[in-house]
Each structure stands twice: as structure tokens, then as C-alpha cells.
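Report on the structure given below.
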Amino acid sequence: MEFQQIIIVGCGGNGSWLSLFLTQYMSVNVDLFYLPIILVDHDTFEDRNRERQFFARPGNKAESLAGTWTKKYGSDLTIQAIPKMVIAREDLGFIDRPAFELIPVDRLIAEYSLVFLCVDKCYPRVVISQYAQTLSNVVLINGGTANHDWVVDVYMKRRGMQNNPLEVKYPDLLTRAATEREELLQPKQMSCTDLMETRVADQTFIANLSTACTMLQVLHSLMSLDTAPETIMGDVLGATDGIRGPVLKPMLPLDLQLVE
């Protein structure tokens, strides 16, 4: 499968661990090592994040990780940090958050992009999903994590064919994204960091790690087989036939349909 750039949007619980695995994988993969890796996050690492997230130094998440991996793979990989929040083009000029910068989605994602969605909030997830549907060739790998269970979804659009986008599979995303957008449009009351922390307080390190590993396995499937499951669900403490432990739930096949 052909890509021209790989983007991780959200560099926290899922994205930070994914960047660890992804950079190692790309550095030894002849089909990927020449591609630029773009890390996107407006938020900062703090000591309280160490319980679930990987980082070598405090500071902006994207810049911290980019600095770490450039130091390790600088001669082999091209790594770029974008310390900004992704928003819809039409919201530029209406969302005002002096504490961080914004980037319209169309300035980040282009044709033949592979995008790992590791954000915790629904607004940027929906913005990216809806913009991806306007392109001709793009792949989104979305990771969702709870306390002990997780789900990874694949959206692919190729040569006039696509499968169900995220907001079709999860209709509540639209309502939640609209609520978050209204919060961003209002005068600042609670920081985006505070909003995020209240929403993801039930995530655990093990679930984040499982999500990141699965997202990388999906990429490997795309590179090796040119296909992948549409949805993969797992539970760290699930049950099968009365036995408790890691469970991989039934996977949904990737079903590409002609775009009308």
C-alpha cells in the first residue's frame, strides 16, 4: 500500500507508545523508512502523565517525542512535530485559545496519508474523519481505549471505494463532537487539558499499550497483505469459556463499498 506521510494525531496514552513502536518498525522497514513521520499534539507532558504515557522529558508532547526519536533515529527517519490542535477549516477564526496554536485539518492531511487517530476528544476525531472522506486515497487507524478494553478501527478510501467512516459506526461521536466544539467556541472556562483528563481518567497503562500494539499490527497487515480488519476489539481482563484473561473479540472484515 502506498503512503506519502504517516501522521500520529494525539501523543498521549496511545500515541506516545505507538510512536515508540512505530519509529522502531519504520527504521528497519524498507517500504516505510523514507516517509516523514508527523507528530501532532497541542498538549504538554507533565509528571502526572508518567503512569500511562511514554516520554523522556516534560514539555509539549509532540515536540518531546519528536526530539527523542530524532536523537535516536535522526540519520534514518524524518520526524516532524506540530504542537497544535487540529480543527475544521470553517472554525478557524472562531475558536480562540491563546494557550496553544491551531491547525486546520486541510493543512495537515493530504492524499496518500496514513493517519493514526490517538486523540481522546471527539471533536478532532470527527473533523479528521469527515475531511478524510473528501480525499481519494487515505487510511485512518483509530484507537479507542477504556479501563481494560480497547477497540481499533480502520477507515480506508481507495479508488472510489470506502468502508463505513467512524461517525457511521459510532453515531454518538457526532453529538459529543458538537458539544466539545461548542465548548471551544465559548470564552475559555476550562482548559482543553482539564477537559481531556476528566474524560479519560478511566484509562489504564495496560489498555493503552494494547491499543498501540494493535494499531501497529494493523499497519503491518496493510503493508504485508494490503488489507486489514475493519474493527478489532480486545479486553485485557475478559472471559472466554470461564477463563479470565486477555480476549480478542470477533473481528469485523474490511468491506469497501463504491462511493456514490
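Overview of results
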item	result
All positions within the range 214-227 that are touching a residue at least 24 places away in the same chain (Cβ under 8 Å) and open to solvent by 50 Å² or more (accessible area, probe 1.4 Å)	HIS220, ASP226, THR227
Residue within the range 105-116 that is among the aromatic types (Phe, Trp, Tyr) and touching a residue at least 60 places away in the same chain (Cβ under 8 Å) present	yes
Test: residue in the range 182-203 that is within 26 Å of TYR123 (Cβ to Cβ), under 19 Å from the mean Cα position of the chain (by Cα) and modelled with pLDDT of 90 or more	no
Residue identified as at pLDDT below 90 and not in a loop (DSSP other than H, G, I, E, B) among ARG50, ARG97	ARG50
Residue that is nearest to MET156 (Cα to Cα), among those in the range 1-40 that are part of a loop (DSSP other than H, G, I, E, B) and of a type in the set (Val, Ile, Thr)	VAL30
Complete set of residues in the range 18-43 that are touching a helix residue (DSSP H, G or I) at 6+ places or on another chain (Cβ under 8 Å) and closer than 12 Å to PHE116 by Cα	LEU18, SER19, LEU22, ILE37, LEU39, VAL40
Test: residue in the range 116-124 that is in contact with a Gly (Cβ under 6 Å, 6 or more places away or on another chain), among the hydrophobic types (A, V, I, L, M, F, W, C) and open to solvent by less than 10 Å² (accessible area, probe 1.4 Å)	yes
Any hit, the range 83-90, residues being surrounded by fewer than 20 Cβ atoms within 10 Å (Cβ to Cβ), in contact with a helix residue (DSSP H, G or I) (Cβ under 9 Å, 6 or more places away or on another chain), farther than 24 Å from VAL127 by Cα and without any contact (Cβ under 8 Å) to a residue 60 or more places away in the chain	no
ASN147 vs. criteria touching a Phe, Trp or Tyr at 6+ places or on another chain (Cβ under 8 Å), part of a loop (DSSP other than H, G, I, E, B) and closer than 21 Å to MET215 by Cβ	no
Residue count, the range 48-82 (criterion: touching a residue at least 60 places away in the same chain (Cβ under 8 Å) and either surrounded by fewer than 20 Cβ atoms within 10 Å (Cβ to Cβ) or aliphatic (A, V, I, L, M) (or both))	1
Hits in the range 106-139 - residues which are under 21 Å from LEU222 (Cβ atoms), part of a helix (DSSP H, G or I) and among the aliphatic types (A, V, I, L, M)	ILE128, ALA132
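The values are calculated or read from the model by the stated rules, or taken from the named source; none is laboratory data. It should be emphasised that the depicted structure is a prediction, and the values quoted were computed from it without experimental measurement. All Cβ positions, even for glycine, are placed from backbone atoms using ideal geometry, and neighbour counts span all protein chains on display. Side chains are part of the model used for accessible areas, which takes the heavy atoms of the whole protein and leaves out ligands, DNA and RNA. Shrake-Rupley method; radii C 1.70, N 1.55, O 1.52, S 1.80 Å.
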